[in-house]
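Q: Before I ask anything, let me first share the structure, which is written out below as structure tokens.
Read the figures in this text as sums done on the coordinates, not as results from a lab. Please read all numbers here as calculations on a predicted model, not as lab measurements. Quick reminder, even Gly has a Cβ in these numbers, built from the backbone with ideal geometry, and neighbours come from all protein chains shown.
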Amino acid sequence: MIKGFKEFILRGNVIDLAVAVVIGAAFTGIVTALVDGFVNPLIGAVFQVGDLSGWVIEIPTLTGATSTIAIGSIFGAIVNFLAVAVVVYFVLVYPMNRIKERAEARAGVETSPEEPGLPTEQQLLVEIRDLLAQREDARER
């Protein structure tokens with residue numbers, strides 16, 4: 001039972017799901033605070049807006065009024081996402097890949113880049129045709 005649980009946990013899709021949950025929940029608050037408190041003011045100082053939320057582009061409308069696009073908020077969200085992705089990669093994904101590589105090396109499993117790839121669609125169709133022909137021959141006998 002423990003062996004099955006270990007295999008379940010070490011499967012790629014479970015780890016990917018765990019990473020997604022961590023991105024969505026745990027690191028978002030920390031990284032958001034870091035980006036809002038440190039990165040955004042630095043970027044705001046470069047563009048001389050003070051705070052990225054104040055960085056807007058005004059567009060004239062057909063009625064003569066102006067409409068604003070909050071480019072600073074969009075840019076801040078992009079920076080926030082990239083910061084979360086970097087933290088998650090270097091804190092979770094990279095170490096997990098290293099652990100998996102070491103476990104495979106210890107078990108004697110080699111992953112060579114020269115492994116044959118998946119068969120092409122044409123190869124599969126030829127195999128299906130041959131199997132159907134063999135089946136038809138067997139029925140006729």
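Q: Arranged from highest to lowest average of other beta-carbon atoms within 10 Å per residue, in what order do the peptides 70-77, 16-23 appear?
A: Values: 70-77: 16.1, 16-23: 13.2.
Peptide ranking by packing, descending: 70-77, 16-23.
Q: Of PHE27, PHE47, PHE81, which has the largest mean-square fluctuation in a 10 Å C-alpha GNM of the chain?
A: PHE47
Q: Still on this model: Rounded, prolate or oblate: which fits the range 2-140 when a ≥ b ≥ c are the square roots of the eigenvalues of the alpha-carbon gyration tensor, with rounded for a/c under 1.5 and prolate only if a/b beats b/c? Mind showing how you got there, number by number?
A: Details: a/c = 3.83, a/b = 1.85, b/c = 2.07.
Oblate shape, in that a/c is at least 1.5 and b/c is the bigger or equal ratio.
Q: Between THR68 and ILE30, take the C-beta separation as r, use R0 = 25 Å, and let me know the FRET efficiency to the nearest 0.05.
A: Values: r = 30 Å, r/R0 = 1.21.
Efficiency, rounded to the nearest 0.05: 0.25.
Q: Tabulate in residue order the Karplus-calculated ³J(HN,Hα) for the range 129-138, using 6.51 cos²θ - 1.76 cosθ + 1.60 with θ = phi - 60°, rounded to whole Hz; enter x for Gly and Pro.
A: 4, 5, 5, 5, 5, 5, 5, 5, 4, 5
Q: Based on the mean of other beta carbon atoms within 10 Å per residue, what is the order of 32-41, 55-64, most packed first?
A: Numbers: 32-41: 15.1, 55-64: 10.2.
So the peptides 32-41, 55-64, ranked by packing, come out 32-41, 55-64.
Q: While we're here: Contact order normalised by length for the range 2-140, with contacts defined as Cα pairs under 8 Å and 6 or more residues apart; what percent is it?
A: Working: 70 pairs, mean separation 25.2, N = 139.
Answer for the range 2-140 is 18 percent.
Q: Here's something else I'd like to know. For VAL14 and LEU131, what does the FRET efficiency come to when R0 = 35 Å and r is the distance between their Cβ atoms, rounded to the nearest 0.05? Each step should come with its number before you reach the end.
A: Numbers: r = 35 Å, r/R0 = 1.01.
Efficiency, rounded to the nearest 0.05: 0.50.
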